[in-house]
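The values are calculated or read from the model by the stated rules, or taken from the named source; none is laboratory data. Not measured: the values here are computed from a predicted model. So basically every Cβ, Gly included, is an ideal-geometry build from the backbone, and we count neighbours across all protein chains shown. For accessibility, only protein heavy atoms count, side chains too; no ligands or nucleic acids. Shrake-Rupley method; radii C 1.70, N 1.55, O 1.52, S 1.80 Å.
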Amino acid sequence: MPKTPSFTSTVRILLLIYVLLFIVFPLVYFVLVILSPRSLSEVTSFVYSDVFQRSLRNSIYVSALTTLLTTLLGLPYAYFLHRYRIPGKRIILPLTFMPTMIPPFVGALSIIFLLGRFGTLNLILMDLKLIERPINFIYGLHGVILVQVLTLFPWVAVNVYNSLLKLDRTLEEAAESLGASPLKRFLTVTLPSITPGLMTGVFMVASFSFTDYATPIVLGQYELLAPQAFVNIQQAIDESRVRAGAYMVFFMLVIVLLLFFASKRYISLREYASLRLPRPVEEMPLRGIGRILSTLYVYVLLFLGLLPHTFIFVISLSKAWSFTPLPATYSLENFQRMLSNSTPFVNTALYSLVGTAVCFAVGMFGAYTIVRTSHPLNEFIDAALSMMFVVPGIVVGTSYLFAFRSDVPFFGMIGSTWLIMPLMLATRRISYTLRYAYATYLVIRKSMEEAAYVLGERPLGTFLRIVVPNAIYGILAGTIFSFIEIVNELTASLFVYKPGWETITIQMFVEITAGRLPVAAAYAVFLFLTSILLAIAAMRLAARSK
Amino acid sequence: MVSVRVEDVWMVFGKVAALRGVSLEVREGEMVTLLGPSGCGKTTLLRVISGLYKPTRGRVFFDSEDVTEKNPWERKVGLVFQDYALWPHMTVFDNIAYGLKLRKFPASEIRESVRRVAELLRIEDLLDRYPHQLSGGQQQRVALARAIVINPSVLLLDEPLSNLDAKIRINVRTEIRKLQKELKITAIYVTHDQEEALVISDRIAVMNQGVIEQVGTPLEVYYNPRTLFVADFVGQVNIVKGSISNIDETEGIAVVDSEIGEIRVAAQQGLKEGEVVHLVFRPEMVEVSKTPIEGSVSSTVFEGVVDTVQFLGNLLRADVTVGGKKLRVEVHSPLARGWLSPQERVFIRIPAANVRVLK
């Protein structure tokens with residue numbers, strides 16, 4: 001048989017141990033807890049309970065509507081942006097996806113100031129005597145939908161855009177030459193080819209919206225599955241509440257998995273890697289009213305999408321702001337308060353560095369092993385690692401909470417140290433590094449390694465001296481994206497953390513629930529700026545690797 | 001420098017046998033070409049010899065040493081890849097010097113060896129460049145330099161010219177041949193291009209479907225193909241089916257009752273009357289005339305009609321319909337010998353000595 005590099009066997013074993021300990025074990029442990037006989041009878045009565053049924057109904061309503069609206073908004077957005085000469089396109093693309101890097105509940109925080117009962121818009125309308133009493137824009141399920149649509153539509157847009165990049169223009173021209181009308185061409189040629197991107201975006205939005213607890217909590221909406229589950233598990237008032245929360249999480253997992261398998265044949269997780277690198281392509285000039293409308297559409301939507309994130313800056317600089325459309329006085333007080341507590345910064349730095357190191361190591365050695373060797377275990381390891389992209393944060397958080405609890409032998413020991421935080425974060429966000437690493441290794445021709453072998457170089461030396469120098473930029477780019485995602489992770493960390501382990505996102509959430517919204521905004525500004533800088537660095541590296 | 005011996009090598013990938021019991025001996029300093037269509041197993045055999053593949057069964061010897069179990073990095077072979085496989089992050093110098101550095105040669109010696117090889121291949125001005133700054137032909141030379149600088153026991157070349165333009169290809173193949181003779185290096189050369197194989201080799205091994213059909217000098221393979229496949233793959237050929245109707249021992253002639261009529265061939269040992277055979281003859285062996293010519297004891301004449309004509313510059317290639325079958329003929333220096341046109345009536349003579357009988 002063909003020879004395979006020998007050090008990869010060691011890498012494969014280490015990888016397998018990692019996957020078993022930090023992916024398979026927590027998830028299986030969690031499912032086993034739910035499926036234990038005692039639980040099962042409880043589950044059945046729980047399913048019929050009023051609170052569960054109402055929450056489930058609300059959650060399905062919110063996520064279905066959010067998904068529908070983000071698709072209706074995001075699809076034309078991507079199509080116009082790809083197809084027509086929209087002014088400022090180069091900058092619009094990064095501006096579209098940058099907000100997706102920071103957690104969506106930040107949008108909720110901003111919306112409270114913008115659209116709250118005595119928020120900017122209501123105050124302006126009242127000042128203009130257009131309304132007498134404030135309009136309730138956001139308190140209710142419609143508020144959750146509004147925030148999610150605004151913050152999540154870029155996911156659909158960017159995924160569809162990515163698919164459009166792969167669409168061969170000549171296919172459409174062939175349809176045109178055969179006399180297909182523009183609508184027919186779109187439905188029969190364009191739409192089928194962008195289905196993978198569209199379905200990936202739709203799945204990501206539906207799954208996130210369905211399991212998001214932070215946005216509803218910030219908006220005070222608790223009658224949804226995810227916030228119910230979070231409150232039950234986190235507050236841990238008694239064992240039965242925790243179990244009820246766990247059942248809800250389990251149901252969410254089942255529904256998300258059903259959703260995933262229903263759309264699986266359209267979704268290409270492998271392609272997700274390139275998602276963050278939209279590049280401009282050849283576009284068509286458009287004249288007259290069509291041009292004005294499509295440009296207007298893109299600009300308005302971009303403005304709305306960026307509004308929450310820009311407004312965060314205003315909030316973070318505000319001082320004792322109430323009953324005026326914009327802050328009366330500005331100060332850096334919120335930033336001073338933020339900086340006076342160094343714990344979240346130290347923790348975030350520590351966890352993200354350790355977590356990113358894990359991502360880097362797995363991306364560098366693991367991805368190489370999976371791409372370059374053939375072994376039955378490779379597929380299992382790859383599937384397990386990729387699956388973490390699909391499993392919602394609330395499920396990962398709950399599983400880790402259960403599986404690494406102090407009464408579980410051995411694993412409890414890991415769970416009692418802060419190391420569990422970076423390990424969980426790395427496991428949850430590793431898919432970004434992996435996809436980049438796969439893509440990078442796949443373009444390195446095998447003959448370049450074989451040329452080294454025949455000259456007398458051994459596999460490890462070949463890997464380090466020939467492969468790594470050619471792959472390093474691609475892997476680093478992916479690692480930085482993992483890093484950004486780790487720094488911005490909230491939904492799982494909030495379950496796993498113990499007092500003293502607060503990260504920036506956790507602290508931000510704590511500040512919001514304590515009512516110190518401007519301080520939370522200061523954290524958000526810090527996160528946003530850091531993430532943008534890192535993303536620019538990553539894109540530079542990725543461009544260099546080509 | 002070594003001799004290479006491959007004994008009954010099998011290479012099975014899943015359910016596909018890429019090599020089915022291949023044996024071959026390459027003598028010291030000899031250049032042997034593995035020639036065959038894609039998928040015939042020629043590259044697989046080369047990779048088995050290099051150590052990149054471990055054969056499912058069979059042995060590989062360098063001189064008398066059994067190297068079957070040895071890793072590629074323990075074999076000291078030079079391998080030139082179809083895609084050159086130069087390392088993009090290293091300069092030409094570093095690419096060439098890599099194998100010497102691995103062997104811990106002193107820096108001064110490395111510089112000297114690289115310079116010598118670079119001069120030999122006329123790339124001494126390119127040493128500071130990176131591979132992407134080179135043309136295809138230059139990259140090919142660098143790849144060759146990298147392979148020979150370590151003074152390999154055997155030089156393996158895997159379709160090294162297939163990515164080059166036709167003109168450069170002819171130059172480079174001449175240089176490779178010259179270099180190999182100068183260095184007296186044992187070399188195995190893989191190609192699907194029969195012309196390349198004829199030009200460059202001491203001997204050719206024609207491969208088909210995982211087996212070697214014939215090993216021989218270019219002359220042997222061209223004029224005495226042992227199988228229909230070899231006859232058909234190397235050069236242009238006419239194949240006519242028939243059965244032996246009469247053997248005339250005294251004249252040394254056999255008469256074959258073929259699909260286009262009776263053909264006289266040189267009697268060979270082992271032929272029996274009534275036996276079904278394939279008659280194989282090259283287009284350039286056929287004499288074409290516009291005026292009637294006479295057959296003789298030692299040749300056969302047919303009358304036919306020109307079907308299609310191709311002008312290839314130095315020669316005219318025509319298909320002539322004889323007895324419902326198209327025979328390919330060639331007229332060299334067509335201006336002097338007379339142009340052929342479609343629908344023209346012609347006479348062709350096939351000398352008995354130039355017809356090869358295959359079973």
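Overview of values
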item: Any hit, the range A:168-191, residues being surrounded by 16 or more Cβ atoms within 10 Å (Cβ to Cβ), touching a Pro at 6+ places or on another chain (Cβ under 6 Å), at pLDDT below 90 and within 19 Å of A:Leu81 (Cα to Cα); result: no
item: Index of the failed condition, A:Val408 passing every other in (1) open to solvent by 10 Å² or more (accessible area, probe 1.4 Å); (2) assigned to a helix (DSSP H, G or I); result: (2)
item: Checklist (1) open to solvent by 20 Å² or more (accessible area, probe 1.4 Å); (2) within 7 Å of chain A (Cβ to nearest Cβ) applied to B:Gly99, failing item; result: (1)
item: Residues satisfying the stated conditions in the range B:341-356, i.e. assigned to a loop (DSSP other than H, G, I, E, B) and under 29 Å from B:Asn224 (Cβ atoms); result: B:Val355
item: All positions within the range B:333-351 that are among the hydrophobic types (A, V, I, L, M, F, W, C) and touching a Gly at 6+ places or on another chain (Cβ under 9 Å); result: B:Val346, B:Phe347, B:Ile348
item: Every pair of residues 6+ apart whose Cβ atoms lie under 9 Å, when the first sits in the range A:115-136 and is under 15 Å from A:Leu219 (Cβ atoms) and among the basic types (Lys, Arg) while the second is open to solvent by less than 40 Å² (accessible area, probe 1.4 Å) and modelled with pLDDT of 85 or more; result: A:Arg117/A:Ile138
item: Options B:Ala107, B:Ala118, B:Ala166: the member that is more than 14 Å from chain A (Cβ to nearest Cβ) and either closer than 30 Å to B:Val230 by Cα or aromatic (Phe, Trp, Tyr) (or both); result: B:Ala166
item: Residue in the range A:474-495 that is assigned to a loop (DSSP other than H, G, I, E, B) and either more than 30 Å from A:Ile233 (Cα to Cα) or within 14 Å of chain B (Cβ to nearest Cβ) (or both) present; result: no
item: Subset of the range A:80-119 (residues that are open to solvent by less than 30 Å² (accessible area, probe 1.4 Å) and more than 29 Å from A:Val487 (Cβ to Cβ)); result: A:His82, A:Arg83, A:Ile86
item: Given (1) more than 10 Å from every other protein chain (Cβ to nearest Cβ); (2) surrounded by fewer than 19 Cβ atoms within 10 Å (Cβ to Cβ), number of the condition B:Thr56 does not satisfy; result: (1)
item: Selection from the range B:299-332 of residues that are open to solvent by 70 Å² or more (accessible area, probe 1.4 Å) and without any contact (Cβ under 8 Å) to a residue 60 or more places away in the chain; result: B:Glu303, B:Gln310, B:Phe311, B:Leu312, B:Asn314, B:Lys326, B:His332
item: Out of B:Leu24, B:Leu34, B:Leu79, sole residue that is in a strand (DSSP E or B), closer than 22 Å to B:Met207 by Cα and within 14 Å of chain A (Cβ to nearest Cβ); result: B:Leu79
item: Of residues in the range A:6-30 being surrounded by 14 or more Cβ atoms within 10 Å (Cβ to Cβ) and of a type in the set (Val, Ile, Thr), the one farthest from A:Pro392 (Cα to Cα); result: A:Thr8
item: Matching residues in the range A:137-185 - criterion: being of a type in the set (S, T, N, Q) and part of a loop (DSSP other than H, G, I, E, B); result: A:Ser181
item: Test: residue in the range B:123-132 that is in contact with a strand residue (DSSP E or B) (Cβ under 8 Å, 6 or more places away or on another chain) and either among the aromatic types (Phe, Trp, Tyr) or modelled with pLDDT under 95 (or both); result: no
item: Failed item, numbered, when B:Glu109 is tested on (1) assigned to a loop (DSSP other than H, G, I, E, B); (2) more than 17 Å from the chain's Cα centre (by Cα); result: (1)
item: Where A:Val205 falls short, out of the listed (1) open to solvent by less than 10 Å² (accessible area, probe 1.4 Å); (2) in contact with an Asp or Glu (Cβ under 6 Å, 6 or more places away or on another chain); result: (2)
item: Residue list for the range A:520-546, restricted to those being farther than 12 Å from A:Pro94 by Cβ, open to solvent by less than 50 Å² (accessible area, probe 1.4 Å) and more than 17 Å from the chain's Cα centre (by Cα); result: A:Ala520, A:Ala521, A:Ala522, A:Tyr523, A:Val525, A:Ala537, A:Leu541, A:Ala542, A:Ser545
item: From B:Ser135, B:Ser153, residue being modelled with pLDDT under 95 and within 14 Å of another protein chain (Cβ to nearest Cβ); result: B:Ser153
item: Selection within the range B:59-76 - more than 8 Å from chain A (Cβ to nearest Cβ), of a type outside the set (A, V, I, L, M, F, W, C) and either in a loop (DSSP other than H, G, I, E, B) or surrounded by 22 or more Cβ atoms within 10 Å (Cβ to Cβ) (or both); result: B:Asp63, B:Ser64, B:Thr68, B:Glu69, B:Lys70
item: The range A:437-451, residues that are open to solvent by less than 20 Å² (accessible area, probe 1.4 Å) and part of a helix (DSSP H, G or I); result: A:Ala437, A:Tyr438, A:Thr440, A:Tyr441, A:Ser447, A:Met448, A:Glu449, A:Glu450, A:Ala451
item: Residues within the range B:241-298 that are assigned to a strand (DSSP E or B), open to solvent by 50 Å² or more (accessible area, probe 1.4 Å) and in contact (Cβ under 8 Å) with a residue 12 or more places away in the chain, tallied; result: 9
